[in-house]
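The values are calculated or read from the model by the stated rules, or taken from the named source; none is laboratory data. Every value quoted in this text rests on a predicted model; they were computed, and no experiment measured them. Here the Cβ positions follow ideal geometry from the backbone for every residue, glycine too, while neighbour counts run over all protein chains shown. Side chains included, ligands, DNA and RNA excluded: accessible areas come from the protein's heavy atoms. Shrake-Rupley method; radii C 1.70, N 1.55, O 1.52, S 1.80 Å.
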Amino acid sequence: MTGGDSISNNRILFSLIGLVGFLFIASLAYSVLKDNDPYKHFTGLGDTISISTDDTTIAFSYYKDGKEAIYTGNVDGKNVEKITEPEEKTDHRQPQFSPDGKGLIYVTANPDGVQTIHYQSDLTSDETRPLTGTDHHVFSTAFSPDGSTVYYIAMPAEDFQKPEGEKENAADLSSVDVKGNPPQKLTDKDSYAMNELSVSADGENLYYTAFRDKKEQLFSYNLETGTEQPFLEEHTSDGVYHPAFSPNED
């Protein structure tokens, strides 16, 4: 073997070693980053704020070093207080005051991302009660006007974890009373997507968006008759997102 051949072989060997090293580092980086939580080190507001009926207090979720909990404070920004202490690898979000302003509901997300509803009847107490179990993933919640019932949109947790096209069940309406009795399923539509749940002032109808006929539509559900129908369909030719009603619902 000549000196030139030896140098050439060494170059090939070093190139292969470098390539293997690069692939190892890239594989290691991917394994670390692919499960990376974008909120892992985040500090700042969550995406939901609730205002008490007397307009004096707000409830909101706040991240501190990636951990999300529920806080309350005066509307002028004073007397901010952390009122929930999430367990390790869980988050508390989507707070909503009860109609009397004395308590609230919020959603707990477990390490798998499955969200359940918790009820705190008295903000001066640390006692909370789970209203739903981890067998369902909750998307959106709303109190009845008298505060006795929580309506929510959810789907089976096992289907929530599956890729699109492999899910056997999708989202539907359900209700549960704040005393902790078993939930009741109200619809069986298995909607691809449902969200933005709200309740009419008289407590007779639920409003929400759902993906039907290739677009996001606004629907109403009558609690007495158990019927669903498109709402304001004549005014919404395009998809509807994040609807909010005026106080008089007109």
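Below are the figures for this structure:
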{"quantity": "Nonlocal amide H pairs with Leu173, under 5 Å, H built at 1.01 Å", "calculated": "Leu186, Thr187, Lys189"}
{"quantity": "Whole-number accessible area per residue in Å² for region 107-250, which is evaluated in the context of all protein chains at 1.4 Å", "calculated": "56 Å²"}
{"quantity": "For peptides 100-110, 178-188, 197-207, 224-234, sequence by mean Cβ density within 10 Å, most packed first", "calculated": "100-110, 197-207, 178-188, 224-234"}
{"quantity": "In Hz, Karplus ³J(HN,Hα) per residue of region 146-161 (6.51, -1.76, 1.60; θ = phi - 60°; x = Gly, Pro)", "calculated": "8, x, 8, 10, 10, 8, 7, 9, 8, 9, x, 4, 5, 7, 4, 7"}
{"quantity": "Portion, in percent, of the accessible area of region 106-233 that falls on carbon or sulfur, probe 1.4 Å", "calculated": "43 percent"}
{"quantity": "Length added when fully stretched, Lys214-His235, from 0.36 nm per residue minus Cα-Cα", "calculated": "5.8 nm"}
{"quantity": "Computed magnitude of the charge dipole of region 97-250 (debye, nearest 20; Cβ of K, R +1, Cβ of D, E -1)", "calculated": "280 debye"}
{"quantity": "Sites Glu204 and Asp65, calculated FRET efficiency, Cβ-Cβ separation with R0 41 Å, nearest 0.05", "calculated": "0.40"}
{"quantity": "Stretchable slack from Glu81 to Asn222, in nm (0.36 nm times residue separation minus alpha-carbon distance)", "calculated": "46.9 nm"}
{"quantity": "Charge-dipole axis of region 203-245 as Lys and Arg at +1 and Asp and Glu at -1 on Cβ define it, positive-most pick from Pro243, Asn222, Asn205", "calculated": "Pro243"}
{"quantity": "Derived scalar couplings ³J(HN,Hα) [region 51-60; Karplus, 6.51 cos²θ - 1.76 cosθ + 1.60; whole Hz; x for Gly, Pro]", "calculated": "10, 5, 5, 8, 6, 10, 10, 10, 10, 7"}
{"quantity": "Per-residue SASA entry for Met194, accessible area with 1.4 Å probe, Å² rounded to 10", "calculated": "10 Å²"}
{"quantity": "Assigned charges on the beta-carbon of Lys, Arg, Asp, Glu; region 49-124 dipole about Cα centre (debye)", "calculated": "100 debye"}
{"quantity": "Extension gain (nm, one decimal) between Lys189 and Asp47, 0.36 nm per residue minus Cα-Cα", "calculated": "48.4 nm"}
{"quantity": "Whole-Å distance, taken between Cα centres, linking region 36-110 and region 186-207", "calculated": "24 Å"}
{"quantity": "Long-range HN-HN contacts of Leu45 with modeled amide H, under 5 Å", "calculated": "Tyr63"}
{"quantity": "Pairs from Lys67/Lys102; Lys102/Lys185; Lys102/Lys215; Lys82/Lys162 whose Cα-Cα separation, in the structure shown, is over 30 Å", "calculated": "Lys102/Lys215; Lys82/Lys162"}
